[in-house]
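Okay, so here's the structure we're looking at.
The values are calculated or read from the model by the stated rules, or taken from the named source; none is laboratory data. Treat the numbers as computed from the prediction; the structure is a model and nothing was measured. Please note: Cβ atoms are built from the backbone with ideal geometry, for glycine as well, and neighbour counts cover all protein chains shown.
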Amino acid sequence: MNISLTECPRDAMQGIKDFIPTDLKIKYINSLLKVGFEVIDFGSFVSPKAIPQLKDTAIVVPQLDLSDTKLLTIIANERGAEDAAKYAQIGVVGFPFSVSEQFQQRNTNSSREQSIETVKNIIDINGDKHVRVYLSMAFGNPYGEVSNPDIILKWADKLQNIGVKEIILSDTVGAATPEIISSIYQALKVEKCEMDINCHFHSTPDTWKEKVTTAADNGCKGFDSTIKGYGGCPLADDELVGNIATENLINHFPSEGLPKIDLDAFKTSMSIADEIFGNYQ
């Protein structure tokens, strides 16, 4: 089984307070474009007040060296979709849809039902791009809201009905366990969900493998990660709950399952990552 990897420098960089120079971002992303990832989540078209670190995304895009790797940008509304639509280089747009009503309000200032309408409009605006919807808080939330497979099914069904082809089950606060992962995948299979169902896990260093193994065993064919696990979600309130480290995934899956990965190019990217995350806080 071939596994596709999405490298997420956007997720790794967005929480850093010191502004990372645009030229250094371009250097880093261009190095990642040589590795052979399926997708690179490189930037976002959201309010610079919300994510000041990525206010230069429009400057970065034209200076990227295109390859077979698809470029993904995160958007949160129709205006972001219109911005992304200007760039043929961007092949994928991602929308953060939370199964937690409270987090959806905090993240996009809209309800879940309103966000379904937003996704419909994004598909209309970006008809030539692949629309990927992230189901954040899919495995639990810090607000005490009910979380179970039925809730995932409800919103997955609504998204499928409006034409979404891929959802990403997102472990925003590191709450996933093998049991929860299996139960969600099995519930989606029973309902014959036709979308691709992939995963974006946040995890402590000692639990990533069980999450990835369980997801793959249940049919997950794509994972998001970042070099050395940089980034994560500040809502997790735990500095150890970051992204899954890309190098762990490369070592975990057999080489025949990751046919495109150039390890020499990956080593170069790791060196640049150290330059960024070692010097900017």
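A few points about this structure:
- Among the residues of region 208-225, just one is buried (at least 23 other Cβ atoms within 10 Å of the Cβ), charged (D, E, K, R) and either in a strand (DSSP E or B) or out of contact with any Ser or Thr (no Cβ under 8 Å at 6 or more places or on another chain) (or both), namely D224.
- Here T73, T118, T108, T69 are screened, and the one residue that is of a type in the set (S, T, Y), at pLDDT below 95 and under 19 Å from the mean Cα position of the chain (by Cα) is T108.
Matching residues to (1) touching a residue at least 12 places away in the same chain (Cβ under 8 Å); (2) more than 21 Å from D171 (Cβ to Cβ); (3) of a type outside the set (F, W, Y); (4) surrounded by 14 or more Cβ atoms within 10 Å (Cβ to Cβ):
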{"residue": "I74", "(1), (2), (3), (4)": "yes, no, yes, yes"}
{"residue": "N77", "(1), (2), (3), (4)": "yes, yes, yes, yes"}
{"residue": "Y87", "(1), (2), (3), (4)": "yes, yes, no, yes"}
{"residue": "T108", "(1), (2), (3), (4)": "yes, no, yes, yes"}
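- Once region 121-141 is narrowed to residues that are under 16 Å from I180 (Cα atoms) and of a type outside the set (S, T, N, Q), the residue that is surrounded by the fewest Cβ atoms within 10 Å (Cβ to Cβ) is G140.
- Residues in region 232-249 that are modelled with pLDDT of 80 or more, crowded, with 18+ Cβ neighbours inside 10 Å and outside any loop (DSSP other than H, G, I, E, B): G242, N243, A245, T246, L249.
- When T268 is tested against (1) of a type outside the set (A, V, I, L, M, F, W, C); (2) farther than 15 Å from K34 by Cα; (3) in contact with a helix residue (DSSP H, G or I) (Cβ under 8 Å, 6 or more places away or on another chain), just one condition goes unmet, and that condition is (2).
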